[in-house]
Amino acid sequence: MYLSIRVRLLISYIAMLIVPVFLFLFALFIIGLAFIGDIENITEDYQVDFKGPQSIKNLMNADEAYFTELTYVAKYAPQKLEDPEFLREMDRKLSRIRSGLIIRKEDRLVYTSPSLKDPSIIRALLAGKNNHDREQIKIGQRRYSYKQYHFLTENHKEMSIYILRDLSPFAHIARRFFPVIIVVLLLVLAFTNGLLTYLVSRSILKPLNTLKRATERIKEGNLDFQITPTSNDELGELSLAFEKMRQKLKESIDLQLQYEENRKELLSNISHDLKTPITAIKGYVEGIRDGVADTDEKREKYLSIIARKAEDMDRLIDELFLFSKLDLKKLPFTFEHVEIMEYLSDSIEELKFDLEKHGIEIRLTKNIGPACVIADREKLKRVIMNVIGNSVKYMNKTNGRISVNVADLDDKVRIQIEDNGSGIDPEALPYIFDRFYRTDKSRSTLTGGSGLGLAIAKQIIEEHGGEIWAESEPNKGTVISFTLKKVIESKKGVTNEKDSDY
Ligand SMILES: Nc1ncnc2c1ncn2[C@@H]1O[C@H](COP(=O)(O)OP(=O)(O)OP(=O)(O)O)[C@@H](O)[C@H]1O
Ligand SMILES: [Mg+2]
């Protein structure tokens, strides 16, 4: 599933909000469960407190004791009840049992515990004055039990002592566990945010690191590895693009190396092909010099061999020149409209006599009407010569036959030159148009040739905007086919031809 980084960040931010809330609520629930025992205990205490007088002594003796102490003080040392030091001390003790103290003198409050500084409490307390009674009052959400004691001072001032005990345990619990809750909240926040940040940043950093390593490898010139995208997002796409770039780079480098290899091979082939006739020439010259050719007849023979070898070399160098000029596209082409059937029958007529000497019959199958092609007459002749030359050279039958067929293919004309010669091995077939390629690996001079013939033919046909290909069956024969663009006369007489910048 495609998840863009933006969406992922969004999800993570939402999760950072929602997950802590849920975790926090869960934590509260757990804490609550843990403390429910506490709460039940406490409420149980109070339940007993409300209903079971038999246990009052046990449960209430703490504030009962303080109350008694205070009434005692009221009787025997009432001035102490106005001593802040004493009152604070008393209040501290009371607060330990969740109780508080209020002292009133006439209309003035002498002392009020901080937890009881609520006007509604005071108002409720002052409403009833019945000594020694344990009462309960409910103020807002809170319930208190209280005891009160009223007395007159020596100078007839009314004084009251109230001791209140908080019966609402929740507030107390809340107060006690508030810090715990805060800590839990912070922990939960830190945990979820940390985890999500880690997960999101890892999903971004991991592919980035992979890419970084890949660039380093490429920098070192190592292209033989694969970058597999680890995530399905923008970074995954980047990884894919990177992988494609790596492949292209590798391809182009390989191609470069291939070119380099070809160039080396070309050089070595040229040297070899030039060296062979030179060696032969040197040998025969030596023969004449040393007097091995001691008769005029022999000398004449040697000289004619030398002349033939020199011609071979000359031809080879010409072909090389031609090929490299074609290769560099430096050979000018003169394209004209050529009536193809006429052109072919003329060419064949020229060859006929020569071929008959080799015992080869040549035939032109005229099966199309008049058709004009765009061609460079001279170069096209070269193609035909090369192809028919091969058919002659590789003819292994006594009743050699070459047939030239022409077919009209709408916008082009296809010419096929078919022979019943030796044929070409299927493994060799794809390479015969490569320069210097010869199926005869030994490069013996028996059949002659440099392996440039078909390479030159291919260059020329391609320059014409056509195609050339071969079909062959060993020992049966070979068909070399090529196409040429046809001239299509439009109604206005404007011709459709190859770009006229030639
Ligand atoms: N008609 C054919 N019959 C059999 N083999 C052929 C035929 N045409 C080409 N070949 C094979 O293809 C190879 C390449 O042909 P190409 O014309 O390029 O070179 P070549 O004839 O050996 O040398 P060059 O043409 O330069 O004198 C030949 O060496 C030959 O083995
Ligand atoms: Mg040839």
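Values for this structure:
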{"quantity": "Likely footprinting exposure, LYS219, LYS379, fewest C-beta neighbours within 10 Å first", "calculated": "LYS219, LYS379"}
{"quantity": "At R0 = 51 Å, FRET efficiency that the Cβ-Cβ distance of TYR2 and LYS301 yields, to 0.05", "calculated": "0.05"}
{"quantity": "Simple label model, 7 Å out from Cα along Cβ direction - GLU473 to THR334, nm", "calculated": "4.3 nm"}
{"quantity": "On Cα atoms only, tilt of 340-357 relative to the major axis of the chain in degrees", "calculated": "60 degrees"}
{"quantity": "Assigned charges on the beta-carbon of Lys, Arg, Asp, Glu; the range 234-325 dipole about Cα centre (debye)", "calculated": "140 debye"}
{"quantity": "Burial ordering of GLU85, GLU462, fewest other beta-carbon atoms within 10 Å first", "calculated": "GLU85, GLU462"}
{"quantity": "Length released on extending from GLN258 to LEU17, taking residue separation times 0.36 nm less the Cα-Cα span", "calculated": "80.8 nm"}
{"quantity": "Using alpha-carbon coordinates, inclination of helix 234-289 to the longest axis of the chain, degrees", "calculated": "20 degrees"}
{"quantity": "Using a Förster distance of 41 Å, the FRET efficiency for SER345-LEU274 (Cβ separation, nearest 0.05)", "calculated": "0.60"}
{"quantity": "Cβ-based charge dipole, the chain, positive-most Cα from ILE362, VAL413, MET341", "calculated": "VAL413"}
{"quantity": "Approximate spin-label separation ASN367-MET245, in nm, with each point projected 7 Å along Cα-to-Cβ", "calculated": "5.5 nm"}
{"quantity": "Of SER481, SER304, LEU208, farthest towards positive along the dipole that unit charges on Lys, Arg, Asp, Glu beta carbons give the chain", "calculated": "LEU208"}
{"quantity": "Signed unit charges on C-beta, dipole axis of the range 234-325, positive-most listed residue GLN258, ALA280, GLN247", "calculated": "ALA280"}
{"quantity": "The chain: calculated mean residue ellipticity at 222 nm from DSSP helix runs of at least 4, using -39500 (n - 2.57)", "calculated": "-19500 deg cm²/dmol"}
{"quantity": "Residues with amide H under 5 Å from that of GLY451, placed H, sequence gap 5 or more", "calculated": "none"}
{"quantity": "C-alpha center-to-center spacing [the range 410-424, the range 267-329] in angstrom", "calculated": "33 Å"}
{"quantity": "Per-pair calculated FRET efficiency, R0 = 41 Å: LEU195 and ARG88 via Cβ, rounded to 0.05", "calculated": "0.25"}
{"quantity": "Dipole in debye (nearest 20) - the chain, about Cα centre, beta carbon charges: Lys, Arg +1; Asp, Glu -1", "calculated": "2880 debye"}
{"quantity": "Label point distance in nm, PHE29-ILE181, each placed 7 Å from Cα along Cα→Cβ", "calculated": "1.7 nm"}
{"quantity": "Degrees separating the helix 453-463 axis from the principal Cα axis of the chain, which is the longest one", "calculated": "60 degrees"}
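None of the figures in this text is laboratory data; all of them are computed from the coordinates on show. Just so it is clear, the model here is predicted, and its values are computed rather than measured. Because the Cβ atoms are built from the backbone with ideal geometry, glycine has one as well, and the counts that use them run over all protein chains shown.
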